[in-house]
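Q: This is the structure I want to talk about, given as structure tokens.
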Amino acid sequence: MLTARVIPCLDVNSGRVVKGVRFQGLRDAGDPVELSMSYERQGADELVMLDVSATPEGRGNALVTVAAVRQELGIPLTVGGGVRKAADAGALLEAGADKVAANTAAVTRPELLTEIADHFGSQCAIVAIDAARKAEGDGWEVVTLSGKNRTGMDAIGWAREAVERGAGEILLTSWDRDGTRSGYDTDLLQAVSDSVHVPVIASGGAAKPEHLIEALQSGADAVLAASIFHDGDYTVGDIKRVMAAAGIPTRLDLTADTP
């Protein structure tokens, strides 16, 4: 059985890590290079870095930040934000990303995922899906532009299509839970995980180790969190020890726990 991955997330805006609630009210959370190094020391399996202002501002990802983080980082790095064509993905990979996540542009032009997979391999093509419960409460719809645009697209159907088009992994964020610390949307996780054959990364709502365990028990292959790490509530090592005690297969390095 594969070990469950714990993945800190860095939302980056103008070269600084930020955090908000449902993508709004962003506050400064630190330097991306320093935080990346700290999380690797704590035992993070991977790191995700998202340029949250690239798409709204109509620009590409800040490659200089990606290169700076990569220079100090020894674990896999997924980067998203401002990816509109395969060349954008290529630039991020050259800057040091191991995988590239596409969100709004993939919804607008789904063939983007196929282009990235064809050029660089499906293992590099990550689809980031932000999903919100439909107004009538039956299922979830895809939202884009940091939750400002409700597309009406069924999130489960989009997950299936994205995989068919070449996505090798799904970064699944519950817009309703993001930054709320109320736990992951386990119903959403279960529905998507049951519908695709690629790994699913759970995102949005973590406040304590039990939330990450619930996500993994609901079908997620990896758990992503931000606030609990940025605010110093837990280290990655803290989370992993609780996971291991709960019987979750975990890569546990007891020496890698320095904040």
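Q: To the nearest 20 debye, what charge dipole does the chain have about its Cα centre, counting +1 at the Cβ of each Lys and Arg and -1 at the Cβ of each Asp and Glu?
A: 320
Q: Can I ask one more? Can you give the Rg/Rh ratio of the stretch 84-155, where Rg is from the C-alpha atoms and Rh is the Kirkwood radius?
A: So for the stretch 84-155, dividing Rg by the Kirkwood Rh gives 1.05.
Q: Follow-up question, since we're still on this one. Which of the peptides 183-189, 132-138, 115-121, 83-89 is most tightly packed, and how do the rest follow, judged by the mean count of other Cβ atoms within 10 Å per residue?
A: 183-189, 83-89, 115-121, 132-138
Q: Which of THR144, THR104 comes first, and how do the rest follow, when ranked by fewest Cβ neighbours within 10 Å?
A: Placing the least packed residue first, the sequence is THR144, THR104.
Q: If you average the sequence gap of Cα pairs under 8 Å that are 6 or more apart and divide by the length of the chain, what percent do you get for the contact order?
A: The value is 20 percent.
Q: A further question follows. By a straight-distance test (C-alpha under 19 Å), which lysines pair with LYS208 as possible cross-link partners, with residues fewer than eight away in the same chain excluded?
A: Once the sequence-local lysines are set aside, what remains near LYS208 is LYS19, LYS240.
Q: Follow-up question, since we're still on this one. With a ≥ b ≥ c the root eigenvalues of the C-alpha gyration tensor of the chain, is it rounded (a/c under 1.5), prolate (a/b larger than b/c) or oblate?
A: In terms of gyration-tensor shape, rounded.
Q: Right, another one. Picking from GLY139, LEU77, SER36, whose Cα lies most toward the positive end of the charge dipole for the stretch 5-245 (charges on Cβ: Lys, Arg +1; Asp, Glu -1)?
A: The one lying farthest along the dipole's positive direction is SER36.
Rule-based calculations on the coordinates, nothing more; no lab input. Small disclaimer: the values here were computed from a predicted structure and weren't measured. For neighbour counting, all protein chains shown are included, and Cβ atoms are generated from backbone atoms with ideal geometry for every residue, glycine included.
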